[in-house]
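Student: Okay, here's the structure, questions in a sec.
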Amino acid sequence: MPTDTSAFPEQDRPVNLQIRFLTAGGSYVDVTGPGYSSGKHSWNCHGCKERSDFPEQDHLRRIRSGANDHAGICRAIPLS
């Protein structure tokens, strides 16, 4: 079932945004880093403030999975 995000404006896009996932609660999980071949990526949830375990120490292909998994279960709504 799709989440209706019309009540929540999209947060500003951070520098080096690579992927943005929509959470179950209507917030966003941002994956940031310099690009696909770099090993310096991290994710950050705008709803519950959870972050990747090792910020800026993982490749995009690996960090994407954790960010997507978190987005699928996080029900925190954006506060602003």
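The values are calculated or read from the model by the stated rules, or taken from the named source; none is laboratory data. Here the structure is a predicted model, which is why all the values come from computation and not from measurement. Neighbour counts run over all protein chains shown; Cβ positions are idealised from the backbone, glycine included. Remember, those area values only see protein heavy atoms, side chains included, never the ligands or the DNA or RNA. Shrake-Rupley method; radii C 1.70, N 1.55, O 1.52, S 1.80 Å.
Student: Can you give the FRET efficiency for His59 and Leu79, using 1/(1 + (r/R0)^6), R0 = 22 Å, r = Cβ-Cβ distance, to the nearest 0.05? The partial results should precede the final answer.
Tutor: Numbers: r = 31 Å, r/R0 = 1.40.
Result of the calculation: an efficiency of 0.10.
Student: Viscosity 1.002 mPa s, temperature 20 °C: what is the translational diffusion coefficient of region 24-80 from Stokes-Einstein with a Kirkwood Rh over Cα pairs, rounded to a whole number of µm²/s? Before the final figure, lay out the partial values.
Tutor: Working: Rh = 11.2 Å.
Reported coefficient: 191 µm²/s.
Student: Another question, then. I'd like the carbon and sulfur percentage of the solvent accessible area for region 30-80, probe radius 1.4 Å, heavy atoms only, ligands and nucleic acids excluded. Intermediate values should be presented prior to the final figure.
Tutor: Numbers: 1560 of 3280 Å².
Carbon with sulfur: 48 percent of the solvent-accessible area.
Student: Quote to one decimal, in nm, the extra length available between Val15 and Ser38 on full extension: 0.36 nm per residue of separation minus the C-alpha distance between them.
Tutor: Once the chain is fully extended between Val15 and Ser38, it gains 6.7 nm.
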